[in-house]
Amino acid sequence: MNDNDILDFVTDVGKMLLENGAETYRVEDTISRLLNSLNIENSEAFATSTGIFVCIKNHTKIERIKKRSMNLERISKINDLSRKIVANDISLEEAKEKLKDIQNINLYSDKLITLSIGITCFFFSLLFKGTIYDAISAFIVGFLLNIFTTFLSKKTISNFLQICLGGIFVALASLINLNIGIGKDVNNVIISSVMPLVPGVCFTNAIRDIFEGDYISGGSRMFEALVIAISIAIGVGIVLLTWLNIFNSFIIGGAN
């Protein structure tokens, strides 16, 4: 396998790690270990949250990261594959086929993911000391939220707008449930149902990147987590303020 083939392979490995939520320092370390195990000299790897740059001798490849998700199972499988390559337990040709299999693997169905998110919101409600009715409401809202966000992800709109619309959906659905008698504490339901949107892993990865000295990637991830949190707050706030104004208008109008 020539240098260009090796360059393509290690870049694909790094790109897949970034797309599935790996820290940038892990991406750079994995690529460096792979290149060292293949006896490639004069090589460099640099990754950010939105791009990856790999240089081998006089060959350079740049990949733009346009989509990002969180799939720890894929990251784990890629790490296992890289360890086998470093230990010379697998040839590079076999590794390329394994990488394709990892890319195409579909671990969980959309129905199972949607159901799991609903169950997660259910137990978050109980964790936040809500009643069983609040938990049922949170389950319904979380269940429908994933269907809604899955629909939005297929549209050509920005991720932050999707998060904002998700916050609007959560607040609106929670208020509707409350008014039809499902749930008693709307704050508990909203907080529990919005948890799937909270950028906890993004924030954690930002801290880990900063501790590893990757201040650019860590800072950008930190800013991303902040913007996502603000987007959620804006979406929920718009609905609550609108609903409150409408409710007060009815009260004032009825009093007059």
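With axes computed from alpha carbons, what is the tilt in degrees of helix 72-86 against the longest principal axis of the chain, rounded to the nearest 10 within 0 to 90?
10
To the nearest 20 debye, what charge dipole does the range 63-117 have about its Cα centre, counting +1 at the Cβ of each Lys and Arg and -1 at the Cβ of each Asp and Glu?
340
Calculate the radius of gyration of the Cα atoms of the range 1-61 to one decimal place, then report Dmax, the largest Cα-Cα distance, as a whole number, both in Å.
10.5, 30
Translational diffusion coefficient, Stokes-Einstein: compute it for the range 134-231 using the Kirkwood radius over C-alpha pairs as Rh, at 20 °C and 1.002 mPa s, and state it as an integer in µm² s⁻¹.
148
What angle, in degrees between 0 and 90 and rounded to the nearest 10, separates the Cα long axis of helix 92-104 from the longest principal axis of the Cα atoms of the chain?
10
Using a 1.4 Å probe on the protein heavy atoms only, what accessible surface does Arg64 show? Give it in Å² to the nearest 10.
Surface open to solvent at Arg64 totals about 150 Å².
Assuming a viscosity of 1.306 mPa s and a temperature of 10 °C, what translational diffusion coefficient in µm² per second does Stokes-Einstein assign to the range 44-84, Rh being the Kirkwood radius over Cα pairs?
Roughly 132 µm²/s, to the nearest whole number.
Before rounding to the nearest 500, sum -39500 (n - 2.57) across all DSSP H runs of length at least 4 in the chain and divide by the residue total; then give [θ] at 222 nm in deg cm²/dmol.
-24000 deg cm²/dmol
Divide, for the chain, the radius of gyration over alpha carbons by 2.2 N^0.38 Å, where N is the residue count.
Values: Rg = 22.7 Å, N = 256, 2.2 N^0.38 = 18.1 Å.
Taking N as the residue count of the chain, the ratio is 1.26.
So how far, in whole Å, is the C-alpha centre of the range 1-61 from the one of the range 95-142?
Cα centroid to Cα centroid, the span is 32 Å.
Please calculate the 1.4 Å probe accessible area of Leu244, with all protein chains present, and give it to the nearest 10 Å².
The value for Leu244 is about 90 Å².
If you roll a 1.4 Å probe over the heavy atoms of the protein chains, what accessible area per residue do you get for the chain, in Å²?
About 56 Å² of surface per residue is accessible.
Can you give the relative contact order of the range 1-153 as a percent, counting alpha carbon pairs under 8 Å and 6+ residues apart?
Result for the range 1-153 is 18 percent.
Sequence gap at least 6, Cα distance under 8 Å: using those rules, report the relative contact order of the chain to the nearest whole percent.
17
Let me check something: with ligands and nucleic acids excluded, how do Phe9, Phe151, Phe223, Phe124 order by accessible area (1.4 Å probe), largest to smallest? Intermediate values should be presented prior to the final figure.
On the way: Phe9 5, Phe151 110, Phe223 135, Phe124 55 Å².
Sorted by accessible area, descending: Phe223, Phe151, Phe124, Phe9.
How do Val13, Val227 rank by accessible surface area computed with a 1.4 Å probe, from largest to smallest?
Val227, Val13
At 37 °C and 0.692 mPa s, grab the translational diffusion coefficient of the range 1-112 from Stokes-Einstein with a Kirkwood Rh over Cα pairs, rounded to a whole number in µm² per second.
232
Keeping all protein chains in the complex and leaving out DNA, RNA and ligands, what accessible area do you get for Thr60 with a 1.4 Å probe, in Å² to the nearest 10?
Solvent-accessible area, nearest 10 Å²: 90 Å².
What does the charge dipole of the chain about its Cα centre add up to, to the nearest 20 debye, if the Cβ of each Lys and Arg holds +1 and the Cβ of each Asp and Glu holds -1?
780
Determine the order of Tyr133, Tyr215 by accessible area, beginning with the largest, at a probe radius of 1.4 Å.
Details: Tyr133 120, Tyr215 155 Å².
From most exposed to least exposed: Tyr215, Tyr133.
Where does helix 110-127 land angle-wise versus the long Cα axis of the chain, in degrees 0 to 90, nearest 10?
Around 60 degrees separate the two axes.
Which of the lysines could a cross-linker span from Lys77 if the Cα-Cα distance has to be under 16 Å and same-chain partners fewer than 8 positions apart are dropped?
Of all the lysines, those that pass the test against Lys77 - Cα under 16 Å, at least 8 places apart if same chain - are Lys15, Lys96, Lys98, Lys100.
Which trypsin sites (Lys or Arg not before Pro) in the range 90-183 pass both tests, a DSSP loop state and at most 10 other beta-carbon atoms within 10 Å?
Numbers: sites: Lys96, Lys98, Lys100, Lys111, Lys129, Lys154, Lys155; in loops: Lys129, Lys154, Lys155.
Counting only loop positions with at most 10 other Cβ atoms within 10 Å, the trypsin sites (Lys or Arg not before Pro) in the range 90-183 are Lys129, Lys154, Lys155.
The values are calculated or read from the model by the stated rules, or taken from the named source; none is laboratory data. Not measured: the values here are computed from a predicted model. We place every Cβ from the backbone using ideal geometry, glycine too, and count neighbours over all the protein chains shown. These accessible areas exclude ligands, DNA and RNA; they are computed on the full protein's heavy atoms, side chains included. Shrake-Rupley method; radii C 1.70, N 1.55, O 1.52, S 1.80 Å.
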